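A quick write-up on the structure given underneath.
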Amino acid sequence: MKNLLTALQEGRLIELPMNDKVKALEYLALIIEAIPDIGVGSDIVKDVLEREALANTGIGLGIACPHARSKNGAALLCAVGWSPQGIDYGATDGKKVHIIVMYYIPDSQRNVYLKELSGLARAVTETGGLEAIEGLQDIQSVRERLLDWVEISMEKAMPTSKARMIKLETRKAGIETAPGVEPGKISRRLTLTPFSLLVINNEKIIVLSQNQLFSETAEKAPELSRLLSANSEIEWNGYQIWMTSSRQFSMNRLLCECLAVKLNE
């Protein structure tokens, strides 16, 4: 499971800030869409949701593997989301999904994807299945479990000593970054900021986010709500911002759920 290992090394493992299936899929799709290697013109969110509507990707044992396909020659990529409470996903076994491994699959990599999916299912079964996943307490324990799956898969394809060496190097690389990672930071290049935007009387805005600096800056930008009302995807102040949903309330109040992605220098 080389691609899952790469996702861990590059920090594409996050705790999902919501337990709604569609919003979780949108969130992970936006993470993949923001990877520079994807290139322009990709609509991962649309592709993932359309494919999910055709066939549920919950494979059982608390795991789901949604995906988007592409005709370009990019590499197979994935991002991983963890839901502590679990998501009502409609999986084949009727159980809640706790870990979503979302794949971006170029046409030339379909066989690689199927092989990785098979290795993932085998590794989950060999490490205790759903019970082991439900017992995970924090993002670091999730990372350790994923590395266990990678090791099991690698042991089938290479000498055990080499597989364990790769796993050890990955664990060592994550010791300094994983426990103390800043909220929303998923790699050295990408920073995620989920936020809620409350618009009152089409003028005053209130921004709710764990990123205090972002909130303070956004609340001083009255044009932000106007831009988002005109287009659900905008560029603003060095951020790429997506509005994932919006709800109209009484007293002329509009609540928008958004995700901002900024490329770090």
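The values are calculated or read from the model by the stated rules, or taken from the named source; none is laboratory data. Since the model is a prediction, treat every value here as computed from it, not as a measurement. Counting neighbours? That spans all protein chains shown, and the Cβs are built from the backbone with ideal geometry, glycine included.
Before moving on, here are some points about what is shown:
Yes/no per residue for (1) outside any loop (DSSP other than H, G, I, E, B); (2) in the same structural domain as Ser70 (by TED's automatic domain parsing); (3) farther than 30 Å from Asp43 by Cβ:
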residue	(1), (2), (3)
Asp93	no, yes, yes
Ile100	yes, yes, no
Ser108	yes, yes, no
Ala123	yes, yes, yes
Ala132	yes, yes, yes
Arg145	yes, yes, yes
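- If the condition is being surrounded by 14 or more Cβ atoms within 10 Å (Cβ to Cβ) and among the charged types (D, E, K, R), then the stretch 116-136 contributes Glu116, Arg122, Glu134.
- Candidate set from the stretch 65-115 (those that are out of contact with any Gly (no Cβ under 8 Å at 6 or more places or on another chain) and acidic (Asp, Glu)); member that is surrounded by the most Cβ atoms within 10 Å (Cβ to Cβ): Asp88
- The stretch 61-100, subset among the hydroxyl-bearing types (Ser, Thr, Tyr) and either more than 22 Å from Glu126 (Cα to Cα) or touching an Asp or Glu at 6+ places or on another chain (Cβ under 6 Å) (or both), residue modelled with the highest pLDDT: Tyr89
- Condition met for Leu30 (out of contact with any Leu (no Cβ under 6 Å at 6 or more places or on another chain) and either among the small types (Gly, Ala, Ser) or not assigned by TED's automatic domain parsing to the domain that holds Ile241 (or both)): no
- Complete set of residues in the stretch 36-50 that are touching a Lys or Arg at 6+ places or on another chain (Cβ under 8 Å) and crowded, with 16+ Cβ neighbours inside 10 Å: Asp47
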